[in-house]
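The values are calculated or read from the model by the stated rules, or taken from the named source; none is laboratory data. Note that the structure is predicted; figures quoted are calculated from it, not measured. All Cβ positions, even for glycine, are placed from backbone atoms using ideal geometry, and neighbour counts span all protein chains on display.
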Amino acid sequence: MLAWFANLPPLAQLQQIQLDAPTNILLGVVLALLGIAWFIGRILKRQPESAISPAVVRTFNLRIGSWWMIYVILIAGFKLGYLATVVFFFLVSFWALREFITMTPTRRGDHRALFWTFIAFTPLHYYFVWLGRDYYGVYTVMIPVYASLVIPARVAFSGDPKRFLERTAKIQAALLICVYALSHAPALLDLRLQDSTGRPWGRPTVQREADRLIFAQAQPSEPTGPPAKDSPKPAEPPKPAEQPKAPKLAPRPTPEVGPPGPPVVSAAGAELVRTGSNAGLLFYFILLVQLNDVFQYAWGIMLGKHVIAPQINASRTWEGFIGGCLSTMLLATLLVWVTPFQTWQGALMGLVISVAGFAGGMTMSAIKRERGVKDYGTLVQGHAGVLDRIDSLCFAAPVFFHLTRYFFTSIGG
Amino acid sequence: MKITVSILAGIAKLLSGATVRWIESQPDTCQRVYFANHTSHLDALVIWSSLPRAVREVTRPVAAKDYWSAGPIRRYIAQNFNAILIDRDEIKVHQSPVDLMIREIGSRYSLIVFPEGTRNTEEEMQEFKSGLYYLAKKRPDLELVPVYIDNLNRVLPRGEFLPVPLLSCITIGPPLWLEPKENKLLFLKRARDAVQRLKEQ
């Protein structure tokens, strides 16, 4: 027990998140585009006589507004460090969970179970996410297994059998979607990534004593470390202060020229380390998910004829879905330079993100229809409706995380 | 003292996730009686916290003495929110609570009252007790402002002491007064309907 406490990482994990040059370029480009979009929104608002209906303009401006918020908070998180970013995602999850449970009718007997859901499981889960990749087993299992057992048990103890299974399922679904699924996005920050040829890429955020030992003594016995890590790496010192050197030491080779087969890392292994940053990958993911929503909406408006499930959502069409998939794949390919992916891998990731995001939107629409509300935002007036913004993110995050973890870290073999 | 109150109000607002809507009415420091449906122990605190600061300073919630003077924390909170504590057991014997309220507010303070008397466990609001009528009769100058509290009963239901931070909504409606020659039953029904109407808006 004591050893476990001793092994907890120090608060030095407040440390900076590394942002490499490509990531900074992408952040800058997005900032510029957001500025332009904001400006266009202003102009459209001033011209009520234009061809576009005022409702569309209002939706557009609201969307841009919420993107600005996401952008600013995310960048602030990156600048403040790893802990701040995880806390930011925790707050988003917490708020989404509030919206979800507020919308869902619960009974008196659910009160204590809800209390533990909010006060214990949500923060605890994010705590383990913050502890990083070594606790992958804990944060992957806790909510799907233990919360799923504790919640029905706690409800049962309250002694109200009415619609028991339905009530517990609602709480479990809320926790799974709002907290568990979304938390896979910040969990990306602590993966020890490599590209598909096995060359290390980027830098995991949590630097542990174990890492330092491995880097210093060149021991290959680390459980989660790649076999390629058996030589000291000057490019990955534990001190954040030395990080800016990394890009200079390691010129970034183009993705195509990577040597196939087992990685070749010599004493001069640093030369082969591709620069990159996990934060850039996280930003790439969020950007694709958000734009995928827009692509699907836009294609649906332009070409949409065949509605997929009119009773669930009358505006989601096959044309919008397919158009969105293709557009997102294209964008994912174009932006592949901030990721460890090769071009075709980026395209596939785009496809996966698009399909999962679409599934998320459909699922949340179904829940909303069942409750007879249009938006989570209008549920309680004046609230922004966090759940409306993150539904596709919640569904895409676990898929993207696991694909990345399996194929772009050493665990995939 | 004032800082603690602001912090307490902030916590109450954060915990209850309260949205405040003013419908056909404005915040004002004139003397008012805010009357609301009663669903949770948090009701008085959350309404009080939802008011703008200047209004808050001249508004006193009316609360049950047996609950709010039990234990140092509750007593501390009641004191900080400047609550008027009513002894529910001794109401009829010694003094009318309406007289006590009128004495306490003088010509400066507003009140937050819950005419249903006790917290409601059903979906439907209970009948209003007559206190509001006598208050209106003795002080016809007071504006009677209906308030509807939504979802707070799920944040802290009856018999629970740990709140679940869901989202709630406070709707404040247009003031009404006791009409001349309006009898007690009609007035109480009208007041109850005014609260009920805010639910649909």
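Of the residues A:Ile151, A:Ile70, A:Ile75, A:Ile143, which single one is out of contact with any Ser or Thr (no Cβ under 8 Å at 6 or more places or on another chain) and either over 22 Å from A:Leu287 (Cα atoms) or of a type in the set (Ser, Thr, Tyr) (or both)? If you could, list the steps in order and put the result at the bottom.
Numbers: A:Ile151 fails: out of contact with any Ser or Thr (no Cβ under 8 Å at 6 or more places or on another chain); A:Ile70 fails: either over 22 Å from A:Leu287 (Cα atoms) or of a type in the set (Ser, Thr, Tyr) (or both); A:Ile75 fails: either over 22 Å from A:Leu287 (Cα atoms) or of a type in the set (Ser, Thr, Tyr) (or both).
Residue meeting the stated conditions: A:Ile143.
For (1) modelled with pLDDT of 90 or more; (2) surrounded by fewer than 18 Cβ atoms within 10 Å (Cβ to Cβ); (3) within 15 Å of the chain's Cα centre (by Cα), each residue gets a yes or a no:
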| position | (1), (2), (3) |
| --- | --- |
| A:Val338 | yes, no, no |
| A:Gly357 | yes, no, yes |
| A:Lys368 | no, no, no |
| A:Gly372 | no, yes, no |
| A:Leu379 | no, no, no |
| A:Ala384 | no, yes, no |
| A:Ala397 | yes, no, yes |
| A:Ser410 | no, no, no |
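Rundown of residues vs (1) under 28 Å from B:Leu15 (Cα atoms); (2) at pLDDT 90 or above; (3) not charged (D, E, K, R), yes/no style:
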position	(1), (2), (3)
A:Val129	yes, yes, yes
A:Tyr135	no, yes, yes
A:Ala147	yes, yes, yes
A:Ile151	yes, yes, yes
A:Leu175	yes, yes, yes
A:Tyr180	yes, yes, yes
A:Gln207	no, no, yes
A:Leu213	no, no, yes
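Free of Cβ contacts under 8 Å to residues at least 40 places away in the same chain and more than 14 Å from chain A (Cβ to nearest Cβ), is that true of B:Gly159?
Details: free of Cβ contacts under 8 Å to residues at least 40 places away in the same chain: yes; more than 14 Å from chain A (Cβ to nearest Cβ): no.
When the stated conditions are applied, B:Gly159 does not pass them.
Please verify whether the stretch A:99-113 includes one or more residues that are of a type in the set (D, E, K, R), buried (at least 21 other Cβ atoms within 10 Å of the Cβ) and away from chain B (no Cβ under 14 Å). Before you say what the answer is, go through the steps one by one.
Start the filter on the stretch A:99-113 by keeping residues that are of a type in the set (D, E, K, R), which leaves A:99, A:107-108, A:110, A:112.
From what's left, buried (at least 21 other Cβ atoms within 10 Å of the Cβ): A:99, A:110.
Next, from what is left, pick out any that are away from chain B (no Cβ under 14 Å): none.
Looking for residues that are of a type in the set (D, E, K, R), buried (at least 21 other Cβ atoms within 10 Å of the Cβ) and away from chain B (no Cβ under 14 Å), one finds none in the stretch A:99-113, hence no.
What number of residues within the stretch B:63-78 satisfy the criterion of being without any contact (Cβ under 8 Å) to a residue 12 or more places away in the chain and under 16 Å from the mean Cα position of the chain (by Cα)? Steps first, please.
Restricting attention to the stretch B:63-78, the residues satisfying the condition of being without any contact (Cβ under 8 Å) to a residue 12 or more places away in the chain are B:70-76.
Remaining after also requiring under 16 Å from the mean Cα position of the chain (by Cα): none.
Counting residues in the stretch B:63-78 that are without any contact (Cβ under 8 Å) to a residue 12 or more places away in the chain and under 16 Å from the mean Cα position of the chain (by Cα) gives 0.
Hey, among the residues in the stretch A:284-321 that are surrounded by fewer than 17 Cβ atoms within 10 Å (Cβ to Cβ) and assigned to a helix (DSSP H, G or I), which one's modelled with the highest pLDDT?
A:Trp318
Can you name the residue in the stretch A:122-142 that is under 21 Å from A:Lys170 (Cβ atoms) and buried (at least 21 other Cβ atoms within 10 Å of the Cβ) and, of all such residues, is farthest from the other protein chains (Cβ to nearest Cβ)?
A:His125
With the requirement that a residue be aliphatic (A, V, I, L, M), modelled with pLDDT of 85 or more and under 20 Å from A:Leu291 (Cβ atoms), what does the stretch A:1-45 give you?
A:Ile25, A:Leu26, A:Leu27, A:Val29, A:Val30, A:Leu31, A:Ala32, A:Leu33, A:Leu34, A:Ile36, A:Ala37, A:Ile40
Within the stretch B:146-161, which residues are crowded, with 22+ Cβ neighbours inside 10 Å and assigned to a strand (DSSP E or B)?
Across the stretch B:146-161, the qualifying residues are B:Pro146, B:Val147, B:Tyr148, B:Ile149.
For the stretch A:130-155, name all the residues that are more than 25 Å from A:Arg405 (Cα to Cα) and not hydrophobic (A, V, I, L, M, F, W, C). Full working, then the answer.
Start the filter on the stretch A:130-155 by keeping residues that are more than 25 Å from A:Arg405 (Cα to Cα), which leaves A:149-155.
A:Pro152, A:Arg154, listed by residue number.
For the list (1) buried (at least 22 other Cβ atoms within 10 Å of the Cβ); (2) modelled with pLDDT under 85, I need the number of the one condition that B:Asp66 fails.
The failed condition is (1).
Please go through (1) within 14 Å of another protein chain (Cβ to nearest Cβ); (2) modelled with pLDDT under 90 for A:Gly65 and return the number of the only condition it doesn't satisfy.
Unmet for A:Gly65, out of (1) within 14 Å of another protein chain (Cβ to nearest Cβ); (2) modelled with pLDDT under 90: (1).
Of the residues in the stretch B:137-154, how many are within 13 Å of chain A (Cβ to nearest Cβ) and out of contact with any strand residue (DSSP E or B) (no Cβ under 6 Å at 6 or more places or on another chain)?
Step one: of the stretch B:137-154, the residues within 13 Å of chain A (Cβ to nearest Cβ) are B:148-154.
Narrowing the set further to residues that are out of contact with any strand residue (DSSP E or B) (no Cβ under 6 Å at 6 or more places or on another chain) leaves B:151-154.
Qualifying residue count for the region: 4.
How many residues are within 22 Å of B:Leu135 (Cα to Cα), in contact with a Pro (Cβ under 6 Å, 6 or more places away or on another chain) and assigned to a helix (DSSP H, G or I) if we restrict to the stretch B:9-53?
Result for the stretch B:9-53: 2.
Return only the number of the condition from (1) in a helix (DSSP H, G or I); (2) surrounded by 15 or more Cβ atoms within 10 Å (Cβ to Cβ) that B:Leu178 does not satisfy.
(1)
Got a sec? Which of A:Ile151, A:Ile171, A:Ile177 is crowded, with 23+ Cβ neighbours inside 10 Å, under 25 Å from A:Ala359 (Cα atoms) and within 14 Å of chain B (Cβ to nearest Cβ)?
Values: A:Ile151 fails: under 25 Å from A:Ala359 (Cα atoms); A:Ile177 fails: within 14 Å of chain B (Cβ to nearest Cβ).
It is A:Ile171.
With respect to B:Ile170, is the statement that it is buried (at least 21 other Cβ atoms within 10 Å of the Cβ), away from every other protein chain (no Cβ under 12 Å) and either touching a residue at least 60 places away in the same chain (Cβ under 8 Å) or assigned to a strand (DSSP E or B) (or both) true?
Values: buried (at least 21 other Cβ atoms within 10 Å of the Cβ): yes; away from every other protein chain (no Cβ under 12 Å): no; either touching a residue at least 60 places away in the same chain (Cβ under 8 Å) or assigned to a strand (DSSP E or B) (or both): yes.
Criteria not met by B:Ile170.
Would the stretch B:6-23 turn up any residue that is away from every other protein chain (no Cβ under 14 Å) and touching a strand residue (DSSP E or B) at 6+ places or on another chain (Cβ under 9 Å)? Let's see the steps before the verdict.
Residues of the stretch B:6-23 away from every other protein chain (no Cβ under 14 Å): B:6-12.
With the extra rule that they be touching a strand residue (DSSP E or B) at 6+ places or on another chain (Cβ under 9 Å), the set shrinks to none.
Looking through the stretch B:6-23, none of the residues is away from every other protein chain (no Cβ under 14 Å) and touching a strand residue (DSSP E or B) at 6+ places or on another chain (Cβ under 9 Å).
Among what's in the stretch B:107-125 and is more than 15 Å from the chain's Cα centre (by Cα) and at pLDDT below 85, pick the residue that is farthest from the other protein chains (Cβ to nearest Cβ).
Step one: list which residues in the stretch B:107-125 are more than 15 Å from the chain's Cα centre (by Cα), which gives B:107-108, B:121-124.
Remaining after also requiring at pLDDT below 85: B:121-124.
Values: B:Thr121: 8, B:Glu122: 12, B:Glu123: 11, B:Glu124: 16 Å.
By that ranking, first place goes to B:Glu124.
Got a sec? Which of B:Arg88, B:Arg60, B:Arg108, B:Arg56 is in a loop (DSSP other than H, G, I, E, B) and either buried (at least 21 other Cβ atoms within 10 Å of the Cβ) or in contact (Cβ under 8 Å) with a residue 40 or more places away in the chain (or both)?
On the way: B:Arg88 fails: either buried (at least 21 other Cβ atoms within 10 Å of the Cβ) or in contact (Cβ under 8 Å) with a residue 40 or more places away in the chain (or both); B:Arg60 fails: in a loop (DSSP other than H, G, I, E, B); B:Arg56 fails: in a loop (DSSP other than H, G, I, E, B).
One residue alone meets the criteria, B:Arg108.
Testing A:Pro223 on (1) at pLDDT below 90; (2) in contact with an Asp or Glu (Cβ under 8 Å, 6 or more places away or on another chain), one condition comes back false. Which one is that?
For A:Pro223, the failing item is (2).
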